[in-house]
Amino acid sequence: MSGNIVFMHRNQPYEVMLYHSREGYLKAVLGGEPMGRVKLVRCFPYSMPDRLISVRTADTGKELLLLPSLDHLEEESRIAAVLELEREYMIPRIERILSIRKKGPEWVWSVDTDYGPSTLHMSILHEGIHELADGRWIVTDDDGRRFELSNVDRMDKRSREQWEKIG
């Protein structure tokens, strides 16, 4: 893990290794100790997207450490971090709403996005829909994935009908 020195902790170099498991999950080894699944969160200011990156446990969101800069990481760890941040902060745009239906305790959306088809699961429908401006919303599913929805009035008839069902 040489080259992964991020900061000093109790006067000892603290090493970080980030990698994707076979299943596609981001995992971390911090100071030689495996941490399991982690998630990365950009801290303010967003104008410096490769600085001040919080490494958190995937299950509880507890911060494990704050990376001052991705530049401090070894190349493989830096590439894994960049890919994960791109995936996490990508916001697909919903182009068509194929269906919105109540299935058991959750709402299930089938949509086409500019990144391809997707299915959203939402326990509480209206808590996951936030209007940003007139005619523009951010839709967040139970997994925290965000989608942009805008110009519904310009979408095809089926999309408008599905949207009107919940409006």
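In table form, for the structure just shown:
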read-out	value
Residues satisfying the stated conditions in the range 19-69, i.e. surrounded by 14 or more Cβ atoms within 10 Å (Cβ to Cβ), of a type in the set (Ser, Thr, Tyr) and over 17 Å from residue 90 (Cα atoms)	19, 54, 57
Total residues in the range 8-18, condition surrounded by 15 or more Cβ atoms within 10 Å (Cβ to Cβ) and either aromatic (Phe, Trp, Tyr) or modelled with pLDDT under 85 (or both)	1
Any chance residue 5 is modelled with pLDDT of 90 or more and β-branched (Val, Ile, Thr)	no
Check on residue 79, closer than 30 Å to residue 163 by Cβ, at pLDDT 95 or above and either out of contact with any Lys or Arg (no Cβ under 9 Å at 6 or more places or on another chain) or surrounded by 15 or more Cβ atoms within 10 Å (Cβ to Cβ) (or both)	no
Number of positions in the range 109-164 that are surrounded by 15 or more Cβ atoms within 10 Å (Cβ to Cβ), assigned to a helix (DSSP H, G or I) and within 19 Å of the chain's Cα centre (by Cα)	1
Residue identified as without any contact (Cβ under 8 Å) to a residue 60 or more places away in the chain and closer than 18 Å to residue 87 by Cβ among 136, 145	145
Candidates 139, 152, 82 - the one that is over 20 Å from residue 31 (Cβ atoms) and assigned by TED's automatic domain parsing to the domain that holds residue 25	82
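The values are calculated or read from the model by the stated rules, or taken from the named source; none is laboratory data. Everything numeric here is computed off the predicted structure, so don't read it as measured data. FYI the Cβ positions are ideal-geometry reconstructions off the backbone, even for glycines, and counts take in every protein chain you see.
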